[in-house]
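**Student:** To start, I am sharing the structure in question, which I have written as structure tokens.
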Amino acid sequence: MPPSAARYALTPALGIRKRRDIKMFSRAKTYFRKPHIVISLILLVILLFIVIVPFGKMVKDSFVWQFADARLSRNSHPGELTLFHWKRVFAGPLTQNILIRPLYNSISTSLGVSVFAMVIGAFLAWLVARTDLPFKKIVASVAVLPYVIPSYIHALAWLNLFKNDRIGGVAGVFQYLTGISPPDWLSYGYLPIVATLSLHYFPFTFLLVSAALSSIDSRLEESGEILGASRTYILRRITFPLILPALLSSFILTFSRVLGTFGTPYFLGTPVRYYTLSTQIYSNIINRIPSVGYILAFVLIAISSTVIFVNQRMIGKGKSFVTIGGKGFRIKDMPLGSLRYPFLIAIIALFCAAVVLPFTLILWQTFTLYPDDYSIRHLTLLFWTGHANTAFAEGEAGILRNPAIIGAAWNSIKLALTASLLAGLLGIFIGYAVVKGRNTRLAFSVEQLSFLPYLVPGIAFGALYLALFSHRIGPLPALYGTFFLIVLVCVAKNLPFTGRAGITSMLQIGNELEEAAETLGARWSMRFRKIILPLSLQGAISGFILVFITVMRELSLIILLVTPETRTLTTMTFRYQEQGYTQFSSAISVLIIFIVVCGEAVSKKLEKRSPANR
Amino acid sequence: MAAPIIEVRNLTKVFGTVVAVDNVSFSMEEKDFLVLLGPSGCGKTTVLRMIAGLEIPTAGEIYLKGRLVYSDEKGIFVPAREREVGLVFQSYALWPHMTVSENIAFGLKVKGMKAAAIEEKTAAITAYMQLDGLRNRYPQEMSGGQQQRVALARMLVSQPDIFLMDEPLSNLDAKLRLEMRAEIKNLHIQTGATTVYVTHDQVEGQTMASQVAVINNGILEQLSSPKTIYKRPANLFVADFIGSPAINLIEGATGAIDTEEGTTVSLERDFWKAATLYKNIQSGRDIIAAIRPENIAVVPEEGFNTIPATVKTVLPSGSETVLRVNQGDLTLSVLMTREVELFPGQHINLYLPPEHLLLFDKATGQLLNLPEKTN
């Protein structure tokens, strides 16, 4: 018997416990030798802090009397628990105005936009992917443009065109040209919101359905043809069911995005007191009833996460028949015959309505001296390059000379750069942790947590951050009003995208490339620098630019969080538009479009030189 | 006696509820070439990865060159980068963003070697592996065989004493595989490195190994020389797994038969019996007999240990012909190395040489003990 065993035999209980302790300790020690475990744990802490904690704080605040509530109720005791806010939203005399009508408006506009965007986008996708439409390549690359520019730009353009002089403003181009004052329903409310957002969102469906269509082997359709089916029958019974999952998810994703959109319903809805949930959240928070805003944000989050959850369930089932790959895969174009050019003309018209016209209107507006005078005689560069002049715009200088706007432009660029870099880097780490720790609970929680911000509409996410960071938390000072907070919210909101991208690229890289370096004696830091980072960077660049563009045009997410020091181009547009300086807001919009389109062009360039060809 | 180069004791790995490697022990001396052979998913790669330090075992101990690198009892785990073993992956795992030279030089840079020395060593190894013209290529710009060479060069340049190879040839086409097989064997002889080689290809395993370990469901079924594995499989799994076409398995019972050398144990079926070289096995025991297809002979007449059969299919393939024949409800394979003039439906006689009939216990699947003197 070895001596150690003899000793244990003498004191069995103690011995066994000791041995087990040693074992546990050594297990834990080897467990933490895996770098991905350490990274996962760090990520978990970060994610808890930027995703879960704000949510918890918002829940708490909705149940607690706030100082500002003194205006609403005499019984308020700041800091104490109350159901006041929940009652106010769900069962009070104002429920109709606070909740029901905005909810109805949100859902009806979202539905309208989803339907139109889906029909336009899917039809366009089919024309481009499956027919002999002329100039298909150009059509395909131009079709995404409306989606690249910020969504509220369509709203601003609509206003320039159709606003009437009855509702506290000046007449638009339509009235200027025809002398007829457009009716309110044409200028504001449901119709313009649905029209402008549909024009903004149809490219989203276009992209998803194009991808689905180009993954269907056209021999599936041909075998229908051989069996004697007519063309429409094939479309209806073969092609349509095959792209149904893509259609459904584009519908649902558009729906949830429109739900969270703030700019367009604000510009086109609020002047006629047409509120959606997102604008209602904003006005409640601005009017210092944040708890009510938070509760409405919950409603928004609940709807949005439900539809996305439903979508994921359905996609999960549909997946099996969407990805039909394999050998001998080919796509045959369906001849359109005499309809070729009529379709092309319709597409050009659509493109004019979605891109050319809005951009022209906005650009023209920037040159008008008086906001309601669109004649050539009164064109001016004042709002671009003019010196401060007290006769116009309360003495503000043209945007290229205006320190406030140049400051905002720097803020925007700084914000977009830091947020996309940080989000991209975190995405790589998330990808590493998730792929390395596949099938472990730890990796699973990292993946799920990083996906959560996707369920939260932009305006509600802003509200979450407002709830948490307007006070100091323990040793942390109140972050409200800091640039860091805006960066943080943009990083968090974009994590679902960069995290996904990180996971995909890490899956492509595979484990063995890192392990090969490990067996050659490389430490983790070296493996990360020399192997993982360079390899995932190639895939991450287009994701990085995507986030850059998204942040550059972000309004809904940050509108609740910016202060005069941290304002960005988008929020400046918003302020000027609110105050009626449409020339300024238009000029800044042009600037944003310019930056965003440049970013898009760079990403296209990089995509062509992507490492896949190397 | 010097310590073994690799020693694995009671190695066990559990993934969730699946026991991937179950209490495996073996040890290897200098210059040994051990092939871990088994069907895919049997745990052989996991064994290799645990030796490399890429996978943390659940229990057991691993010694490399006398140094304890893993012990769950003592809480020791030396990570892969400190184990100084060379590993070649099935996918080669060449870094796509580095040239051939950069790939090879990586391990030397990690060690902090001077640039001039790195250059010299890299040049030497590329010349040795016949990669001279390809030094500035990226891995994607090369053929599978060339990539394989780069992977070997990358491992060799650090001069490890232990080579670990995980199905290194499975991504190559058949012709190239034969070439590389010879090359790897050559490399082993020249370097004298102790090698653990994982494959599911039994021919590959047999040709390269000094020792073969057959693994199934995480269990080490048999560890012997290739010849023993083939001629004396320890159990039915090994018998069935090794050899192509597969060994013929015949269910039956033991009996007694009188031969020129006296009474011996026989294999008994309903309508025939065949003598074996076994002794001292009680009659009536349920067994499974096994005989390799190439050990069955087609003979013109009935005689000692022959059984009648009917030809079912004739599968000629160049130098050899495989016959599928029926014997009652049995179907047997016969491998013939000469040309045969046989046709389906023809009645033939098969001779089952007693020295090639192996008997396995039906209940345990283990090989029954043959008398020592034979073979």
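The values are calculated or read from the model by the stated rules, or taken from the named source; none is laboratory data. A quick note: this is a predicted structure, and the numbers were derived from the prediction, not measured. With ideal geometry, Cβ positions are generated from the backbone for all residues, glycine too; neighbour counts draw on all protein chains shown. SASA here: full protein model, heavy atoms, side chains in, ligands and nucleic acids out. Shrake-Rupley method; radii C 1.70, N 1.55, O 1.52, S 1.80 Å.
**Student:** What pairs can you find where one residue is in the range A:47-59 and within 16 Å of A:F484 (Cβ to Cβ) and in contact (Cβ under 8 Å) with a residue 40 or more places away in the chain, the other is hydroxyl-bearing (S, T, Y) and part of a helix (DSSP H, G or I), and their Cβ atoms are less than 8 Å apart, with a gap of 6+ or different chains?
**Tutor:** Taking only residues 6 or more apart or on different chains, the pairs are A:P54/A:Y465.
Rundown of residues vs (1) modelled with pLDDT of 90 or more; (2) more than 28 Å from B:G41 (Cβ to Cβ); (3) surrounded by fewer than 21 Cβ atoms within 10 Å (Cβ to Cβ), yes/no style:
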position: B:N136; (1), (2), (3): yes, yes, yes
position: B:M142; (1), (2), (3): yes, yes, yes
position: B:Q159; (1), (2), (3): yes, yes, yes
position: B:K185; (1), (2), (3): yes, no, yes
position: B:G192; (1), (2), (3): yes, yes, yes
position: B:T195; (1), (2), (3): yes, no, no
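**Student:** Just checking, which of B:E294, B:E339, B:E320, B:E355 is more than 25 Å from B:T228 (Cα to Cα), open to solvent by 40 Å² or more (accessible area, probe 1.4 Å) and among the acidic types (D, E)?
**Tutor:** Details: B:E294 fails: more than 25 Å from B:T228 (Cα to Cα); B:E320 fails: more than 25 Å from B:T228 (Cα to Cα); B:E355 fails: more than 25 Å from B:T228 (Cα to Cα).
The match here is B:E339.
**Student:** Same structure again: With respect to the numbered conditions (1) at the interface with chain A (Cβ under 7 Å from one of its Cβ atoms); (2) under 29 Å from the mean Cα position of the chain (by Cα), which one is the sole condition not fulfilled by B:Q140?
**Tutor:** Unmet condition: (2).
**Student:** A:V602 - would you say it is part of a helix (DSSP H, G or I), of a type in the set (A, V, I, L, M, F, W, C), away from chain B (no Cβ under 14 Å) and open to solvent by less than 30 Å² (accessible area, probe 1.4 Å)? Even if it seems obvious, please write down each step before you answer.
**Tutor:** Numbers: part of a helix (DSSP H, G or I): yes; of a type in the set (A, V, I, L, M, F, W, C): yes; away from chain B (no Cβ under 14 Å): yes; open to solvent by less than 30 Å² (accessible area, probe 1.4 Å): no.
No, not satisfied.
**Student:** I want to confirm something. Restricting to the range B:107-124 and keeping residues that are open to solvent by less than 10 Å² (accessible area, probe 1.4 Å) and either under 11 Å from A:A516 (Cα atoms) or free of Cβ contacts under 8 Å to residues at least 40 places away in the same chain (or both), which single residue is nearest to the other protein chains (Cβ to nearest Cβ)?
**Tutor:** B:G107
**Student:** Taking the condition within 14 Å of chain B (Cβ to nearest Cβ) and touching a residue at least 60 places away in the same chain (Cβ under 8 Å), does A:L452 pass?
**Tutor:** no
Listed here are the residues, each with its yes/no results for (1) closer than 30 Å to A:I289 by Cβ; (2) open to solvent by 30 Å² or more (accessible area, probe 1.4 Å).
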{"residue": "A:L468", "(1), (2)": "yes, no"}
{"residue": "A:G474", "(1), (2)": "yes, yes"}
{"residue": "A:A478", "(1), (2)": "yes, yes"}
{"residue": "A:T504", "(1), (2)": "no, yes"}
{"residue": "A:E514", "(1), (2)": "no, no"}
{"residue": "A:T519", "(1), (2)": "no, no"}
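**Student:** For A:I295, are the conditions met, namely being open to solvent by less than 50 Å² (accessible area, probe 1.4 Å), farther than 25 Å from A:P146 by Cβ and touching a Gly at 6+ places or on another chain (Cβ under 9 Å)?
**Tutor:** no
**Student:** Now a separate question. Could you pull out the residue among A:G474, A:G510 that is more than 27 Å from the chain's Cα centre (by Cα), on the phi > 0 side of the Ramachandran plot and within 14 Å of chain B (Cβ to nearest Cβ)?
**Tutor:** A:G510
**Student:** Can we say A:R33 is open to solvent by 70 Å² or more (accessible area, probe 1.4 Å) and within 14 Å of chain B (Cβ to nearest Cβ)? Before the answer, list the steps.
**Tutor:** Numbers: open to solvent by 70 Å² or more (accessible area, probe 1.4 Å): yes; within 14 Å of chain B (Cβ to nearest Cβ): yes.
Yes: the conditions hold for A:R33.
**Student:** Would you mention how many residues in the range A:139-166 are open to solvent by 10 Å² or more (accessible area, probe 1.4 Å) and outside any helix (DSSP H, G or I)?
**Tutor:** 5
**Student:** What number of residues within the range B:197-237 are within 10 Å of the chain's Cα centre (by Cα) and open to solvent by less than 10 Å² (accessible area, probe 1.4 Å)?
**Tutor:** Number satisfying all stated conditions: 11.
**Student:** Name the residue, out of A:V89, A:V113, that is within 30 Å of A:S151 (Cα to Cα), at pLDDT below 90 and open to solvent by less than 40 Å² (accessible area, probe 1.4 Å). Break it down stepwise before answering.
**Tutor:** Numbers: A:V113 fails: at pLDDT below 90.
Unique residue meeting the criteria: A:V89.
**Student:** Can you tell which of B:L36, B:L48 is in contact (Cβ under 8 Å) with a residue 60 or more places away in the chain and within 14 Å of another protein chain (Cβ to nearest Cβ)?
**Tutor:** Of the residues listed, the single one that is in contact (Cβ under 8 Å) with a residue 60 or more places away in the chain and within 14 Å of another protein chain (Cβ to nearest Cβ) is B:L48.
**Student:** Going by what's in this entry, would A:L464 be described as free of Cβ contacts under 8 Å to residues at least 24 places away in the same chain and more than 14 Å from every other protein chain (Cβ to nearest Cβ)?
**Tutor:** For A:L464, the condition - free of Cβ contacts under 8 Å to residues at least 24 places away in the same chain and more than 14 Å from every other protein chain (Cβ to nearest Cβ) - is not met.
**Student:** State the number of residues belonging to the range A:229-275 that are assigned to a helix (DSSP H, G or I), among the hydroxyl-bearing types (S, T, Y) and surrounded by fewer than 17 Cβ atoms within 10 Å (Cβ to Cβ).
**Tutor:** First, pick out the residues of the range A:229-275 that are assigned to a helix (DSSP H, G or I): A:231-260, A:263-272.
So of that shortlist, the ones also among the hydroxyl-bearing types (S, T, Y) come out as A:232-233, A:239, A:249-250, A:254, A:256, A:264, A:266, A:270.
Next, only the ones that are surrounded by fewer than 17 Cβ atoms within 10 Å (Cβ to Cβ) stay: A:232-233.
Total meeting the criteria: 2.
**Student:** Name the single residue that is surrounded by the most Cβ atoms within 10 Å (Cβ to Cβ) among those in the range B:87-106 being closer than 17 Å to B:V198 by Cβ and at the interface with another protein chain (Cβ under 7 Å from one of its Cβ atoms).
**Tutor:** Result: B:L87.
**Student:** Determine whether B:N326 is open to solvent by 90 Å² or more (accessible area, probe 1.4 Å) and farther than 18 Å from B:G243 by Cα.
**Tutor:** Working: open to solvent by 90 Å² or more (accessible area, probe 1.4 Å): no; farther than 18 Å from B:G243 by Cα: yes.
No.
**Student:** Oh, and also: I need the full set of residues from the range A:521-532 which are open to solvent by 40 Å² or more (accessible area, probe 1.4 Å) and among the small types (G, A, S), in order please.
**Tutor:** A:S525, the sole residue that qualifies.
**Student:** Considering the range B:258-291 alone, what residues qualify as being crowded, with 16+ Cβ neighbours inside 10 Å and either of a type in the set (F, W, Y) or in contact with a helix residue (DSSP H, G or I) (Cβ under 8 Å, 6 or more places away or on another chain) (or both)?
**Tutor:** B:T264, B:W272, B:A274, B:A275, B:T276, B:L277, B:Y278, B:I288, B:A290, B:I291 - these are the residues of the range B:258-291 that are crowded, with 16+ Cβ neighbours inside 10 Å and either of a type in the set (F, W, Y) or in contact with a helix residue (DSSP H, G or I) (Cβ under 8 Å, 6 or more places away or on another chain) (or both).
**Student:** Something else now. Being open to solvent by less than 30 Å² (accessible area, probe 1.4 Å), modelled with pLDDT under 90 and either within 14 Å of chain B (Cβ to nearest Cβ) or in contact with a Phe, Trp or Tyr (Cβ under 8 Å, 6 or more places away or on another chain) (or both) is the filter here, so list the residues in the range A:533-555 that pass it.
**Tutor:** Within the range A:533-555, A:L535, A:S536, A:A540, A:G543, A:V547 qualify.
**Student:** Cβ-Cβ distance below 7 Å, separation of 6 or more or different chains: which pairs start in the range B:132-149 with a residue that is farther than 19 Å from B:E179 by Cα and of a type in the set (S, T, Y) and end on one that is outside any helix (DSSP H, G or I) and open to solvent by less than 50 Å² (accessible area, probe 1.4 Å)?
**Tutor:** B:Y138/B:P96; B:Y138/B:T99
**Student:** Among the residues of the range B:53-79 satisfying the criterion of being crowded, with 22+ Cβ neighbours inside 10 Å, in contact with a Lys or Arg (Cβ under 9 Å, 6 or more places away or on another chain) and at the interface with chain A (Cβ under 10 Å from one of its Cβ atoms), which is nearest to B:I162 (Cα to Cα)?
**Tutor:** B:G53
**Student:** So which residues in the range A:477-505 are more than 14 Å from chain B (Cβ to nearest Cβ) and within 29 Å of B:V150 (Cβ to Cβ)? Lay out the reasoning, then the answer.
**Tutor:** Going residue by residue through the range A:477-505, those that are more than 14 Å from chain B (Cβ to nearest Cβ) are A:477-504.
Selection gives A:G502, A:I503, A:T504.
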